[in-house]
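Everything below concerns the one structure shown next.
The values are calculated or read from the model by the stated rules, or taken from the named source; none is laboratory data. Every value quoted in this text rests on a predicted model; they were computed, and no experiment measured them. Cβ atoms come from the backbone with ideal geometry, glycine included; neighbour counts cover every protein chain shown. Note: areas computed on protein heavy atoms with side chains; ligands, DNA, RNA excluded. Shrake-Rupley method; radii C 1.70, N 1.55, O 1.52, S 1.80 Å.
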Amino acid sequence: MRIIVDGYNLIRQWPELAMLDRADLQSGRDALLHQLQAYRRSRGHRITVVFDGREQGGFSETTERSAGIEVRYSRRGETADAVIARLVAEGGAGAVVVSSDRDVASTARRFGADTLSAVDFITRLEAGRIAAVKGGEEEERPAKPGKGTARRLPKAERRRQQRLKAL
């Protein structure tokens, strides 16, 4: 599975990383990459993090690799949102875009990618970290027993939920 992360959006939604980011942008980026590297080691997903241009951006988009994570910086005059839109347009079907930005999320859905808010992704990361410490799998909430109308979700929604559950 491919995960495309709106870097600064995720940092600023994560209280611990937001504090680091306010002190120094590089500290916030490094802390985010450290968290994502641990997640990648445990889950094996392909992760791309997109940031707005580094030091006011260069004349072209730059790409780096950091412990298996692809890190992209937009070029000068281009936003990270535009880079994410381009990545999703090139091969977004089946990808998951992590961003709380509504425009980014709607663009991703338009190209067939699933979306997850930054807060939901942080919750999943922390649940995975806790499960790793405990030495088990993430806990699933048991279904509530009871009667009611059995209603099956549409096939597209079931597939979407299955992909997000794989996170």
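GLY28 satisfies every condition listed in (1) open to solvent by less than 10 Å² (accessible area, probe 1.4 Å); (2) under 21 Å from ALA105 (Cα atoms); (3) of a type outside the set (Val, Ile, Thr) except (2).
Filtered by the rule that a residue be of a type in the set (Ser, Thr, Tyr) and touching a helix residue (DSSP H, G or I) at 6+ places or on another chain (Cβ under 7 Å), segment 63-117 gives SER66, TYR73, SER74, SER99, SER100, THR107, THR115. Restricting segment 93-107 to residues that are surrounded by 17 or more Cβ atoms within 10 Å (Cβ to Cβ) and without any contact (Cβ under 8 Å) to a residue 60 or more places away in the chain, the residue that is farthest from the chain's Cα centre (by Cα) is THR107. Within the span defined as segment 102-113, one or more residues are modelled with pLDDT of 90 or more, assigned to a helix (DSSP H, G or I) and farther than 22 Å from LYS165 by Cα. Figure legend. Inter-residue proximity from segment 10-28: first residues farther than 15 Å from VAL49 by Cα, second residues of a type in the set (D, E, K, R), beta-carbon distance below 6 Å, spacing 6+ or different chains. Indicated pairs: ALA18/ARG12.
In summary, VAL119 fulfils each of the numbered conditions (1) surrounded by 10 or more Cβ atoms within 10 Å (Cβ to Cβ); (2) part of a helix (DSSP H, G or I); (3) modelled with pLDDT under 90 with the single exception of condition (3). Answer with yes or no whether VAL88 is in a helix (DSSP H, G or I) and under 14 Å from the mean Cα position of the chain (by Cα). In short, yes.
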